[in-house]
Structure formats: structure tokens, C-alpha cells
Amino acid sequence: MEAARLLKQGVSQSEVARRLGVHRQSVIRWAHQLAQAGRVGLKKAGRAGRKPRLTTEQLKQLQQALKRGPEAVGYASGLWTTSRVRVLIAEQCGVRYHEAHVWRILRKLGWSCQRPSGRALERDEPAILHWKKVQWPRLKKKPCARSGCSSLSTRAD
């Protein structure tokens, strides 16, 4: 709005850019919008960047598919990877993305990175605890119980 005020006063576009600390190209765009639609045209901001390729409806469908899990889509394990999600998006929506961008979409949907614990599901915790308390101490090497001092002792007797 400050640029519109200065332009209405007759200040040059280059000077407006200098005073406001913006690029001259921005002032040229603002002056064009001001000439076409007046101050009202400057109030509504245009969309920055490329339009999304997935609609909100497609994002909802993707979210539902992700909640069903990878097994429902035919994968053997219950772990979503960006490459799997990428394939899912391509199959469901017909849109192909790079894996790095798939991660941005997942974050937008509220998903976070979860790393598997790396432990077997068949793990028997009581048996492991028993082995640690009973078997391991039996197998563990113990220092020899020799009498006398070590010849490498640095203590003075």
C-alpha cells in the first residue's frame, strides 16, 4: 500500500523500490496491478509458486490409504517408505513425484518419520532376562584368584 501511495504521488518505480527495499520488478508488477484494478487489486495477494498437483480430495484419499496400511495395498511388511508412498500416489492419483517431495506431502498430512525398533516380534523377554542373569555370569570369564602381587605392580608395599 505504501508503494501505491508513492506511485500515486508520482515517484518513479526505481525510487519506490529503493525506498521500500524491494526489487524493482515487484514495483513494476504492483504498478501494473494498480493501473488495472486500483488499490483493491493490490490488496489480494496472488498465489506464490506452482499450483499443487494433488487436489484436497486426492490428499484425503491418500490419507485414508495410508491409514489402512501397506499390507492393504499388497506389501509384506507394515512399513511405509517414501518409495512405497510414491508408487501409491502414482497408482491412485496418476501423479508422479520425487521421493523427497513425497516426504513433504507426508509431513503436510501430519505423518512423521518412524524408525522400526529392529527387534524381532518373536522375541521372548523372560528368556532373555533369565539368560542375562543366570547363563551369562556362568560363562563370563573371571580373573584368576592367584596369591601374591603382580610383578607389574606400581604400588610400593
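The values are calculated or read from the model by the stated rules, or taken from the named source; none is laboratory data. Given the structure is predicted, the values throughout are model-derived calculations rather than measurements. Cβ atoms come from the backbone with ideal geometry, glycine included; neighbour counts cover every protein chain shown.
Has segment 85-103 got any residue that is surrounded by 10 or more Cβ atoms within 10 Å (Cβ to Cβ) and of a type in the set (S, T, N, Q)? Yes, some residue in segment 85-103 is surrounded by 10 or more Cβ atoms within 10 Å (Cβ to Cβ) and of a type in the set (S, T, N, Q). Within segment 120-147, residues that are not assigned by TED's automatic domain parsing to the domain that holds Ser77 reach no partner that is modelled with pLDDT under 80 and exposed (fewer than 10 other Cβ atoms within 10 Å of the Cβ) with beta carbons closer than 8 Å at six or more positions or on different chains.
Considering (1) surrounded by 13 or more Cβ atoms within 10 Å (Cβ to Cβ); (2) closer than 14 Å to Gln64 by Cβ; (3) without any contact (Cβ under 8 Å) to a residue 12 or more places away in the chain, the lone condition that Gly110 does not fulfil carries the number (1). The set of residues in segment 6-21 that are without any contact (Cβ under 8 Å) to a residue 12 or more places away in the chain and of a type in the set (Val, Ile, Thr) contains only Val11.
Residues in segment 8-37 that are within 39 Å of the chain's Cα centre (by Cα) and on the phi > 0 side of the Ramachandran plot: Gly21 only.
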